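Enquirer: For reference, the structure I am asking about is given below.
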Amino acid sequence: DNDPLGQGIDSVSWLPSVIGAKGRLSASSASSLSVREGAEILPLFPLGGFVYTPNTEHILNIFEPRYRQMYSDILMNGTKRFVVATSHPTEKGRFAQTGVLFELEDLKEVSEQTADQIKYICNHKVTGRVTIHRVLNPEAWETRDTYLKIEGTIHDDSQEATKPSDDVYGSVFAAASSKEERDLKESFGKLVDMQHELEEDVRFTQAAKKTLAVKEGAGQDSLWQTIRLWQSFVDQRLLARQNELQRDFQEKLQNFLKKEKGLKDNELPSAIGFQDLTPELQKEVQELQKRMAVELQPLVLEQSLTMQKILEAQDHKARCRLLKYFMDAETKRLESKKSLKGLFSSASTNLAPGSAIPPEEMITDDAVASPEARPSATFFDEEDAFQ
């Protein structure tokens, strides 16, 4: 299969940049502006690099003047909804062509409690996806005098799929969908088995194989639940890698605080200033930051592109195929890890007696340590979660 992310950032669809662009929307022309059939004019609220998915709930703190205005408008006109789209990772003023529809469920005015630093705290539910055809007032992005508005088509993912009423065609439809779903479950099962065989620090539970949600539509058994679970899994794996990179430095920092500062375990501070460190530790902090940027930023970008690619997929079957591809790719990565581990294990077994390996040349792998010896292992025992 072709890699769905083979073209990198350009693997997903982006709108043209709004920087320097001119639109057709004005206060006087908004009501008379023609839009394509099935589309409508909606507010746009770009929210950084995170990809939101249908059938989830989110809380936003609203403080910027233009978005205060947006909330006032959607409350006044009764629509109570707007589009959220992820931003381009390298180009300012570019947004993904596929976003999601946020519907406002609850709003609290908190101006007095926050000295007007925050106007509203709002609860939302994501009810569907939106194809954005064009930004109608792109110049507003730079002037910041109001919020962006788009012409978009809403795809409602909160409802069950509409299946053909004819018995024959309905059976064919169900069989096609179930094949994609069965294939996804099979790939997930292989991944979980491999994770447990290698005792991965972040892994799905064995019970999750029986409860994997793959159905179309909304609800606790819908594919969107598994897509969100996959997003959480990748987040946890990134966090585990970050902790792994920080572990050596944390040990050195604790030794510094105990030996140089004379602190005991229960006296260690939760934070310490950079200037309070020795020159050697300051240098290590800077090197650690560089290393984390090199190693983690590409993984963060891949995660964002993965979720955006799934979000813009045409239909349920396409989403199943994409998620299966990403699961299979993770399984292949673990298979390669297993092969390398076996290779090094075989090489150490075949060493001649007395041919000790110098410590600086020794290859180690935390994954081969016993669960008791391995630090920072994370376990989640819910049936539909991961460990």
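Enquirer: Quick one: Karplus J couplings for the stretch 19-24, per residue in order, coefficients 6.51, -1.76, 1.60, θ = phi - 60°, nearest Hz, x for Gly and Pro?
Expert: 5, x, 7, 10, x, 10
Enquirer: Let me know the volume per residue of the alpha-carbon convex hull for the stretch 1-110, in Å³.
Expert: Looking at the stretch 1-110, the number lands at 165 Å³ per residue.
Enquirer: Can you compute 3J(HN,Hα) from phi for each residue in the stretch 223-235, using the Karplus curve 6.51 cos²θ - 1.76 cosθ + 1.60 with θ = phi - 60°, rounded to whole Hz and x for Gly and Pro?
Expert: 4, 4, 5, 6, 4, 5, 4, 5, 4, 5, 4, 5, 4
Enquirer: Using r as the Cβ-Cβ distance of ASN61 and ILE41, and R0 as 30 Å, what FRET efficiency do you calculate, to the nearest 0.05?
Expert: Once rounded, the FRET efficiency stands at 0.70.
Enquirer: Could you list which residues have their amide H under 5 Å from that of GLY23, counting only those 5 or more apart in sequence or on another chain, with H placed in the peptide plane?
Expert: Placed amide hydrogens put GLU139 under 5 Å from GLY23.
Enquirer: I need the phi-derived Karplus couplings for the stretch 118-126: 6.51 cos²θ - 1.76 cosθ + 1.60, θ = phi - 60°, integer Hz, Gly and Pro marked x.
Expert: 10, 8, 10, 10, 10, 9, 9, 10, 8
Enquirer: For the stretch 204-337, report the translational diffusion coefficient in µm²/s to the nearest whole number, using Stokes-Einstein at 4 °C, 1.567 mPa s, and a Kirkwood Rh over Cα pairs.
Expert: 71 µm²/s
Enquirer: Hey, with R₀ at 22 Å, roughly what FRET efficiency would ALA240 and ALA207 work out to, going by the Cβ-Cβ distance, to 0.05?
Expert: 0.55
Enquirer: Moving on. Within the P(r) computed for the stretch 82-148, what percentage of the Cα pairs occupies the region above 20 Å?
Expert: Percent of Cα pairs beyond 20 Å in the stretch 82-148: 47.
Enquirer: Moving on to the next point. Near the amide H of ILE150, under 5 Å away, which other amide H atoms are found, from residues 5 or more places off or on another chain, if H is placed in the peptide plane?
Expert: Close amide H contacts, sequence-distant or interchain: LEU42, LEU44, LEU136.
Enquirer: Out of every Cα-Cα pair in the stretch 280-349, what percent are more than 13 Å apart?
Expert: 76 percent
Enquirer: Report the local net charge at PRO46: Lys and Arg +1, Asp and Glu -1, summed over other residues whose C-beta lies under 14 Å from its C-beta.
Expert: +2
Enquirer: Continuing with the same structure: Given axes a ≥ b ≥ c from the Cα gyration tensor, I'd like to know whether the stretch 207-264 is rounded (a/c under 1.5), prolate (a/b larger than b/c) or oblate.
Expert: Cα axes put the stretch 207-264 in the prolate bin.
Enquirer: Let me ask you something else. If you count only protein heavy atoms and use a 1.4 Å probe, how large is the accessible surface of LYS264, to the nearest 10 Å²?
Expert: 140 Å²
Enquirer: Now, a different point. So for the pair GLN7, LYS22, with labels modelled 7 Å out along Cα→Cβ, what separation do we get in nm?
Expert: Calculated label separation equals 3.0 nm.
Enquirer: Just list whichever of LYS252/LYS309; LYS258/LYS290; LYS108/LYS209; LYS80/LYS215 have alpha carbons separated by over 30 Å in the model shown.
Expert: Beyond 30 Å between Cα atoms: LYS252/LYS309; LYS108/LYS209.
Enquirer: Enumerate the amide H contacts of LEU263 below 5 Å, restricted to partners 5 or more residues apart or on another chain; note that Pro and chain-start residues carry no placed amide H.
Expert: So LEU263 has HN proximity to LYS258.
The values are calculated or read from the model by the stated rules, or taken from the named source; none is laboratory data. Predicted model only: the values in this text are computed from it and were never measured. Note that we place each Cβ from the backbone using ideal geometry, even for glycine, and neighbour counts take in every protein chain shown. Keep in mind that these areas ignore ligands, DNA and RNA; they rest on the heavy atoms of the full protein, side chains included. Shrake-Rupley method; radii C 1.70, N 1.55, O 1.52, S 1.80 Å.
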